[in-house]
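Let me begin by presenting the structure, written as structure tokens, before commenting on it.
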Amino acid sequence: MNKRKPTGFVAACQCSRVVGALDLAKTERTDAGKMLSRWLSDGCTVEPRFDGSWSVVVTPCACELTEQEF
Ligand SMILES: [Zn+2]
């Protein structure tokens, strides 16, 4: 079985909302790397997508509604 290459990534926040989507076909590899590292440093869960076409509904993060001061 060949290892599949992802066609994109979806980022789910700690509030379980989908806060970002990354289509590798439309995104420069360096930009994609930046987005992925930003999501990960934000504590998001990044899931790969393997289908040729996929879509997600990106919603505003709910954590920010109850943002606490650091
Ligand atoms: Zn959130």
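The values are calculated or read from the model by the stated rules, or taken from the named source; none is laboratory data. Predicted model only: the values in this text are computed from it and were never measured. Quick reminder, even Gly has a Cβ in these numbers, built from the backbone with ideal geometry, and neighbours come from all protein chains shown. Accessible surface areas use protein heavy atoms only, side chains included; no ligands, DNA or RNA. Shrake-Rupley method; radii C 1.70, N 1.55, O 1.52, S 1.80 Å.
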Exercise. If you check D31 against the conditions, is it open to solvent by 40 Å² or more (accessible area, probe 1.4 Å) and farther than 16 Å from T59 by Cβ?
Worked result: yes
For this session: Consider L24 carefully, then state whether it is of a type in the set (A, V, I, L, M), away from the ligand (no atom under 16 Å from the Cβ) and in contact with a helix residue (DSSP H, G or I) (Cβ under 8 Å, 6 or more places away or on another chain).
Result: yes
Exercise. Which one of these is assigned to a loop (DSSP other than H, G, I, E, B) and either of a type in the set (D, E) or in contact (Cβ under 8 Å) with a residue 60 or more places away in the chain (or both): D31, D51?
Worked result: D51
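Table: residues versus (1) within 12 Å of the chain's Cα centre (by Cα); (2) exposed (fewer than 12 other Cβ atoms within 10 Å of the Cβ).
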| site | (1), (2) |
| --- | --- |
| N2 | no, yes |
| C13 | yes, no |
| A21 | yes, no |
| L24 | yes, no |
| P60 | no, yes |
| C63 | no, no |
For this session: Report yes if C44 is open to solvent by less than 40 Å² (accessible area, probe 1.4 Å) and either at negative phi or over 13 Å from the mean Cα position of the chain (by Cα) (or both), otherwise no.
Result: yes
